[in-house]
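Comments concern the structure below.
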Amino acid sequence: MAAKLQKKRLPDMLKEEGLVTQEQLSECLEIHRITGQSLPTLLVEKGHLSEEDLVITLSENLGIPHIRVTNYNIPKEVLNEVPEALARQYQMLPVSITGEVLTLAMADPLNIMAIDDLHMVTSYQIEPVVAMMSELKEAVDRLYGGGKAETLFDTLAAQQKDGMDEMVEVHAGDEEVEDVSMLEAGAEDEPVKKLVRLITFNGLEADASDIHIEPFEKVVRIRYRVDGALQEGQAPPKSIFPNLVARLKILSGCRIDEHRLPQDGRARMRYQGRDIDFRVAFLPCKYGEKVVLRVLDQGSLTLDLDSLGFEPQPMNDFRFALQLPHGMVLMTGPTGSGKTTTLYSALHKLNQIDTNIVTVEDPIEYELFGVNQVQVQQRIGFTFAEALRQILRQDPDVVMVGEIRDGETADVAVKAALTGHLVLSTLHTNDAAGVFPRLTDMGVEPFLVQSSVALAAAQRLLKRICKECKRQVEVPPDVLERFQYRPFDYIDTPTFVEGEGCSKCNESGYKGRVAVIEATRNHPELQPLVLERRSGQEIKQVAIKCGMQTLRQNALAKAAKGLTTLAQVHEHTIGD
């Protein structure tokens, strides 16, 4: 396990010693958050801090020794315990082994991730000491012989971490394919299997929603989407990439001999005792096929409307619409804003023994017991519109259409809502009011729109403040005024916060995400505007007068509760 160090952050140490200014720290922290580059390295490279001052500060504040490694002669058996690629990546060098303890010289002994990674690879308890990064680099070059860092993933893939169970294979169909036995044999090699497990395991450990595997001319890039932002991970050598793609195709039931056309499949692996599904998409690019794995974790799916944390006004309107016997409930928002999760939560609430629920999806993301879920098959003409026509003959009470993509689907969905069915679906518009003109733009007559839509809602996901490093801040009244902040009668004392950054949140200040939603019923005051084909902005202004809280106001309520920051409000919402 990692050595226990004092819970003191490097920026605090340096400021206490008067070695750097707040401006210098802020500059380097911003670069660190964007690139992931080590903060000590940035401070030294930019000339804000000398290596000697850094080593002395870390040694005195952490209570650990500092050593000079320039002339160290380290036994071969000790060097072999730490892979060269890890030593280069984390700027560290093994010094000695005593019993179950490995003494490790590090440029940044506060890098808990480096210590944990090495513990996983070696199983030794790690005892860090601090050394100058330039001397460490020189010693690594001298002692390891200047090998290539490209071997990092080979080494890590050969070390199977605890909890990385085999993914459940899904075999391709029985259709005729050309002989690709050599490629398939490579895909079945044990290092390739371990590599796939390691990539997906790292994604699940980071709570990633997507895993990107991208080929370029000389390298392969692995990126994980965590809390809505892409973060770069460890990359395999380019030479193993074709076998990696072939392995993923085997697992997801795709053709390994097809490299010219996009393919979609589904795979599954077991993680911490539960099955995790992956939606796997292959896209031919210049230097190979890019692969994106969408993580579909049934265990993390929140199916309780109350736990989604909506503010009182949109929650009340949402509940009102779900109690109606017929009409359309339409969710809007960009890709990845949580629209489908909200609709699944609504279906879960409606899923009773006396209610027949049928969904049309592409693809089916999560399985819901008691709900009849239909998969669209575009290749054989079984489209959203056609599937919707067929399921209306199945005596449904509630219908969910994964997405209204075209006028034909919109027309069938509207007619279903007018013939006694509650229809839930998603649409792409900027805000809730934009639903009405969007449907008319798709060819639906305005009188049908104003008669069928029961609720229009728009959703966004904001980064949630990290609970470990958040601190309360005072916001000047003029700043709140510029944000259009108005007091909320259900929030007694507004508490605005920001995250300082810590190891738990990778120094970002955020951990997880929180949903904000604006929702408006189809108030009688809106219907003349819909019939007259008025703009979304005009409809929005009337909806506000009818009591709708905008996305901006709902996001400000989250900030006032200390769940997110004003910076997130500014980034993800526009003014009223």
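Residues being surrounded by 20 or more Cβ atoms within 10 Å (Cβ to Cβ), aromatic (Phe, Trp, Tyr) and outside any strand (DSSP E or B): count how many of those fall in segment 203-240.
Adding up the residues that qualify gives 0.
Give segment 437-454 a look and list any residue that's within 19 Å of HIS421 (Cα to Cα), hydrophobic (A, V, I, L, M, F, W, C) and open to solvent by 20 Å² or more (accessible area, probe 1.4 Å), or say none.
PHE447, LEU448 - these are the residues of segment 437-454 that are within 19 Å of HIS421 (Cα to Cα), hydrophobic (A, V, I, L, M, F, W, C) and open to solvent by 20 Å² or more (accessible area, probe 1.4 Å).
Only residues in segment 529-549 that are free of Cβ contacts under 8 Å to residues at least 12 places away in the same chain count as the first member; pair them with residues that are among the hydroxyl-bearing types (Ser, Thr, Tyr) and surrounded by 13 or more Cβ atoms within 10 Å (Cβ to Cβ), Cβ under 8 angstrom, at least 6 apart or cross-chain, and list the lot.
Note: no pairs meet the criteria.
Could you tell me which of the residues GLY420, GLY402, GLY434 is of a type in the set (Gly, Ala, Ser) and closer than 27 Å to SER252 by Cα?
So the residue among GLY420, GLY402, GLY434 that is of a type in the set (Gly, Ala, Ser) and closer than 27 Å to SER252 by Cα is GLY402.
Based on this model, can you work out whether SER425 counts as closer than 21 Å to GLN313 by Cα, hydroxyl-bearing (Ser, Thr, Tyr) and open to solvent by less than 40 Å² (accessible area, probe 1.4 Å)?
Spelling it out, SER425 is indeed closer than 21 Å to GLN313 by Cα, hydroxyl-bearing (Ser, Thr, Tyr) and open to solvent by less than 40 Å² (accessible area, probe 1.4 Å).
With within 18 Å of LEU204 (Cα to Cα), open to solvent by 20 Å² or more (accessible area, probe 1.4 Å) and at pLDDT 90 or above as the only criterion, which of ARG266, ARG294, ARG319, ARG270 stands out?
Answer to the check: ARG294.
Here is a yes/no grid of residues against (1) part of a loop (DSSP other than H, G, I, E, B); (2) in contact with a strand residue (DSSP E or B) (Cβ under 6 Å, 6 or more places away or on another chain):
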site: PRO314; (1), (2): no, yes
site: LEU324; (1), (2): yes, yes
site: THR335; (1), (2): yes, no
site: HIS348; (1), (2): no, no
site: VAL399; (1), (2): no, yes
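Answer yes or no: is there a residue in segment 255-262 that is of a type in the set (D, E, K, R), buried (at least 19 other Cβ atoms within 10 Å of the Cβ) and in contact (Cβ under 8 Å) with a residue 12 or more places away in the chain.
Checked segment 255-262: no residue is of a type in the set (D, E, K, R), buried (at least 19 other Cβ atoms within 10 Å of the Cβ) and in contact (Cβ under 8 Å) with a residue 12 or more places away in the chain.
Being buried (at least 18 other Cβ atoms within 10 Å of the Cβ), touching an Asp or Glu at 6+ places or on another chain (Cβ under 7 Å) and of a type in the set (A, V, I, L, M, F, W, C): is that true of VAL69 here?
yes
Please verify whether LEU308 is modelled with pLDDT under 90 and of a type in the set (A, V, I, L, M, F, W, C), treating the condition exactly as stated.
When the stated conditions are applied, LEU308 passes them.
Quick one: what pairs do we get from segment 468-483, first residue free of Cβ contacts under 8 Å to residues at least 60 places away in the same chain, second in a loop (DSSP other than H, G, I, E, B) and among the acidic types (Asp, Glu), C-beta under 7 Å, 6+ apart or different chains?
Going by the 7 Å Cβ cut-off, the qualifying pairs are CYS469/GLU500; ARG471/GLU500.
Take the residues in segment 355-368 that are in a loop (DSSP other than H, G, I, E, B), out of contact with any Gly (no Cβ under 6 Å at 6 or more places or on another chain) and in contact (Cβ under 8 Å) with a residue 12 or more places away in the chain; name whichever of them is nearest to ALA321 (Cα to Cα).
Among those that are in a loop (DSSP other than H, G, I, E, B), out of contact with any Gly (no Cβ under 6 Å at 6 or more places or on another chain) and in contact (Cβ under 8 Å) with a residue 12 or more places away in the chain, it is THR355.
For segment 522-540, enumerate the residues that are in a helix (DSSP H, G or I) and surrounded by fewer than 14 Cβ atoms within 10 Å (Cβ to Cβ).
PRO528, GLN537, listed by residue number.
Could you identify the single residue in LYS4, LYS15, LYS76, LYS46 that is basic (Lys, Arg) and modelled with pLDDT under 80?
When all the criteria are applied, what remains is LYS4.
Can you work out which of the residues in segment 249-263 that are outside any loop (DSSP other than H, G, I, E, B) and touching a strand residue (DSSP E or B) at 6+ places or on another chain (Cβ under 8 Å) is modelled with the lowest pLDDT?
Taking the candidates together, the pick is LEU251.
Output the number of the condition that ASN522 fails; it satisfies all remaining conditions of (1) under 24 Å from GLY338 (Cα atoms); (2) free of Cβ contacts under 8 Å to residues at least 24 places away in the same chain.
(2)
What are the residue pairs meeting all of these: first residue in segment 75-87, first residue more than 12 Å from LEU143 (Cα to Cα), second residue of a type in the set (Gly, Ala, Ser), Cβ atoms under 9 Å, and 6 or more apart or on different chains?
ALA85/GLY147; ALA85/ALA149; LEU86/ALA114
Does segment 481-510 hold any residues that are within 30 Å of the chain's Cα centre (by Cα), more than 27 Å from THR332 (Cβ to Cβ) and open to solvent by 30 Å² or more (accessible area, probe 1.4 Å), and which are they?
PRO494, THR495, GLU498, GLU500, SER503, LYS504, ASN506, GLU507, SER508
From GLY420, GLY370, GLY407, which residue is more than 33 Å from the chain's Cα centre (by Cα) and open to solvent by 20 Å² or more (accessible area, probe 1.4 Å)?
GLY420
Pairs, please: C-beta under 7 Å, at least 6 apart or cross-chain, first residue in contact (Cβ under 8 Å) with a residue 60 or more places away in the chain and at positive phi and in segment 488-501, second surrounded by 14 or more Cβ atoms within 10 Å (Cβ to Cβ) and of a type outside the set (S, T, N, Q)?
GLY501/LEU29; GLY501/CYS469; GLY501/GLU507; GLY501/GLY509
Of the residues that sit in segment 107-126 and are under 26 Å from the mean Cα position of the chain (by Cα) and of a type in the set (Asp, Glu), which one is modelled with the highest pLDDT?
Step by step, filter segment 107-126, then rank; the result is ASP116.
Inside segment 221-257, can you point out the residues that are out of contact with any Asp or Glu (no Cβ under 7 Å at 6 or more places or on another chain) and within 17 Å of LYS286 (Cβ to Cβ)?
LYS238, PHE241, PRO242
Residues that are surrounded by 20 or more Cβ atoms within 10 Å (Cβ to Cβ): which helices (runs of 4 or more DSSP H) entirely in segment 73-133 hold 2 or more of them?
The helices (runs of 4 or more DSSP H) meeting that bar are 84-90, 112-122.
Which of (1) surrounded by fewer than 16 Cβ atoms within 10 Å (Cβ to Cβ); (2) polar (S, T, N, Q); (3) under 25 Å from ALA458 (Cα atoms) is the odd one out, the single condition GLN378 does not satisfy?
Result: GLN378 passes all but (3).
May I ask you to say which residue of LYS339, LYS349 is under 25 Å from GLY265 (Cα atoms), in contact (Cβ under 8 Å) with a residue 40 or more places away in the chain and of a type in the set (Lys, Arg)?
Checking each option against the conditions leaves just LYS339.
Name the residues in segment 25-48 that are over 21 Å from LEU93 (Cβ atoms) and not in a helix (DSSP H, G or I), would you?
Passing the criteria: GLY36, LYS46, GLY47, HIS48.
The values are calculated or read from the model by the stated rules, or taken from the named source; none is laboratory data. None of the values given here were measured: they were computed from a predicted structure. A quick note on method: Cβ atoms are made from the backbone with ideal geometry, for glycine too, and the neighbour counts reach across all protein chains shown. Keep in mind that these areas ignore ligands, DNA and RNA; they rest on the heavy atoms of the full protein, side chains included. Shrake-Rupley method; radii C 1.70, N 1.55, O 1.52, S 1.80 Å.
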